[in-house]
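For reference, the structure discussed in these notes is given below.
The values are calculated or read from the model by the stated rules, or taken from the named source; none is laboratory data. If you're wondering where the values come from, they're calculated on a predicted model, not measured in any experiment. For neighbour counting, all protein chains shown are included, and Cβ atoms are generated from backbone atoms with ideal geometry for every residue, glycine included. For accessibility, only protein heavy atoms count, side chains too; no ligands or nucleic acids. Shrake-Rupley method; radii C 1.70, N 1.55, O 1.52, S 1.80 Å.
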Amino acid sequence: MRQPLPSSHALCAILPLTLLAPIGAAQSFVLNTADTPVSAGGNFSDSENVDFGDVDNDGDWDAVFADGGDSSLDQNRLWINQGPGAGLGTFQDQTITQLPSVNDQSRDVEFVDFDGDSDLDLYIANHSSFVAQPCRWWQNTGGGFYVDETSARWINIAGSGSSIAPSQLLGEGGFIDFSGDGDFADLDNDGDMDLFHSSYGGAYDGRTPSRVFLNDGAGFFSEFNPSGFQLAGEEILAGGPGLWCEGSQQHNTTNSSGAQCDIASDAIDIDLGDIDGDFDVDILLGSRSNLPRLFVNREAENGGVLAFRDVTNSHFPSGHAVGGGNYEQEMGDLDGDGDLDILGVNWFGWTDALLLNSGSGHFDHHMTLPGSQDDDEEADFIDYDNDGDLDIYVANFSGVDRLYRNTGAPAYDFKLKPLPEGTSATSRDVDVCDVDGDGDYDAFTASKALTTTGEGPNLYVENVTGTPDTHGPYIPNLEQAPNREPGSEPTVIRAQVYDNAPYYITWYNETTLNYTVDGGPTSAVPMTSSGGQIFRGELPGMLNGHIMYWVSSEDEYGNQGSSSPRSFNSTSGGTTGLAFCLGDGSGNPCPCLNQGGAGEGCANGTGSGGLLSGTGSSSVSAGDLKLWGSRLAPSTPGVYFEGVALVGGALGVNFGDGLRCAGGQLIRIQPRIADGGGNSNTNVNIPQKTAVSAGETRYYQLMYRDVAGTPCGTGFNVTQALEITWTP
């Protein structure tokens, strides 16, 4: 990924008011026709898609258009932003000088740094309905100048292990297919961007499979096909293996157990993101004539081995989409609760619908958008009024584009707002970003050109609210690292990063993974986008001690946000003590059934369970055992204590909001106040605080004050217990 946009991107471009449409009292947008190319070649072409990226690394947003679509072989277009400085927000067509001279029928173009050199390359999704042609890889050679590397970047197409039949192979590289979208994410958590390649099949028949291609780390892509099955031709037959997905292929299957899947719907659009909160990237597939389909990534459940399962029937409500024309959908946190919701374009006949995530990747129908009974082609989230929540811009193919304002908490309703006259009647796509650097989000629409005399140009819909973005990113979920021993392999940490901006803007936030060792000074390593809302970073593997870590992110306007901290132990010989008396359902049920996570105590008012861990040795003579409490209620007091016997056995007894197992004679080791991240620690000094001899077993826990609104209302809780048998 490229470096975050520098502060020059926040400069304000001053445009002559005479060049803009009149601004009404309630008008938030105007059509800006003065600052986009006006030639037939530069603008009035058949555009299917528009994407923003800083191709020349000069700190402003450039635009690329996928041209051709259903109509003709055409050249994709590149518009270069003339900033920073006085030209910011003004675009020139640099197609001829900076893009390969290729005419094709493109439905989608995606920015991605596929070769890891910190500039933005391009992937072009093409279809073979009229001329057999591959999807293309264009490498950025520096400064936004691209070369076609299609023949080199596809690896082992139609070879051993590939599902692609040799008859589909093309001499120029790639294969015959019908792709409406290609999206990128680090699907296998190895630090590079992989490709999910959609296919809708010839004549939209939905019999050609979508596929997954993995990056080898250098930008070369081979098919992920754990089934090893190769098709006889273009189509996949019912009963055959699901290629990249668990189970056998079955059109419109309702099975969600992994026995069946449908990877050959007529998918037009893809969205990638972590829908179930396990930090790997899942797949949402739109469909032209059939139900949209949802596939969960099971890499986390499979111990790091990549796998997918079709869970459409179990995770969506009954009747989640009806009728045809379900071209598109977007995922974003519409209600600010830290998970991905869905905007389904035309999911209810010709009506757009919102589905809210329960937090576990299961969706409930929330509402339909008023006035959305048109042939809508695409939509994007845009916080046009910069009030911190996501609004919606809808690209309409059969009428005027529409804008919806999110009313925010508690209802999160969406109200139709006016757009200027002339927002195209043939919009195929919309993308949003702050192209003129004035602090609010603008929109570009890609349009089907009806004639070459002026109808259907790509439009610059400029936001003129003048309200700056003052809302920082929020990071509600951070991956828990397991305890480990120091070694050469890094500790991989992932986090969910949200902002009041589209995901493809948040990808470029300057995001860091911060850490301390045994309470020492703070260090930081960079994190990069894994696609969707996921960022990934690597802590050095040789760290030794108690590691506390958290994530911070800064958007292009300098707004900042941080996660709550988490911690783990990285010590030679492993961590000290055997954890038991757990509140994760493996023992006696927690009071009020407030179960914690694996290895934790019962859940507290923060939603996590307190965790007690030990570093150092269990040697009486060494006397270096240190106890660490984490995931506690922030800034609240607690007491570390030792028991000489068990109470309630390994299952414990109810004690406040938690379970206590340390019993017999209780020894108070030390009171501590947790820091703002809910962490504290103490040394188990021998014999100053606790008299123990070699060969004896002791049981340790931490009782702590809980926050308001605790599960049982007692006001205090305990971590799980540690059992330690002392040595000489």
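Under the shape rule built on the C-alpha gyration tensor, where the axes satisfy a ≥ b ≥ c, the range 508-600 is oblate, since a/c reaches at least 1.5 while a/b does not exceed b/c.
Rounded to the nearest 500, what is the 222 nm mean residue ellipticity of the chain from helices alone, with -39500 (n - 2.57) per DSSP H run of 4+ residues and division by all residues?
Computed mean residue ellipticity for the chain: -500 deg cm²/dmol.
Relative to the current alpha-carbon distance between residue 675 and residue 592, full extension at 0.36 nm per residue lengthens the span by 27.2 nm.
Considering only the other residues whose Cβ falls under 9 Å of the Cβ of residue 553, what net charge follows from Lys and Arg at +1 and Asp and Glu at -1? Once all neighbours under 9 Å are counted, the net charge is -4. Which of the following values of semi-axes √(5λ) of the Cα gyration tensor in Å was calculated from the structure shown: (i) 45, 34, 26; (ii) 50, 28, 24; (iii) 67, 25, 23? Calculated semi-axes √(5λ) of the Cα gyration tensor in Å: the matching label is (ii).
Working from label points 7 Å from Cα in the Cα-to-Cβ sense, the residue 375 to residue 307 distance is 4.3 nm.
Here the accessible area is traced with a 1.4 Å probe on the protein chains. For the chain, carbon and sulfur cover 52 percent of it. Available extension along the chain between residue 470 and residue 222 is 85.0 nm, counting 0.36 nm per residue and deducting the alpha carbon span. In square angstrom, rounded to the nearest 10, how much accessible surface does residue 426 have for a 1.4 Å probe? Surface accessible to solvent at residue 426 totals approximately 10 Å². A cut-off of 5 Å between modelled amide H atoms, ignoring neighbours fewer than 5 places along the same chain, links residue 609 with 597, 604.
With all protein chains kept in place, the per residue accessible area of the chain amounts to 34 square angstrom at a probe of 1.4 angstrom. Ligands, DNA and RNA excluded, the heavy atoms of residue 365 present near 90 Å² of accessible surface to a 1.4 Å solvent probe. A simple rule links phi to the HN-Hα coupling: the Karplus curve 6.51 cos²θ - 1.76 cosθ + 1.60 with θ = phi - 60°, which for the range 654-671 gives 4, 8, x, 8, x, 10, 10, 10, 6, x, x, 6, 9, 10, 7, 7, 5, x Hz, with x for Gly and Pro. Here the 3J(HN,Hα) profile of the range 122-131, calculated from phi with Karplus coefficients 6.51, -1.76 and 1.60 at θ = phi - 60°, is 10, 10, 10, 8, 10, 10, 10, 5, 10, 9 Hz, Gly and Pro shown as x. Near residue 260, the amide H atoms lying under 5 Å from its own belong to 248; only residues 5 or more places off or on other chains count, and H is placed 1.01 Å from N.
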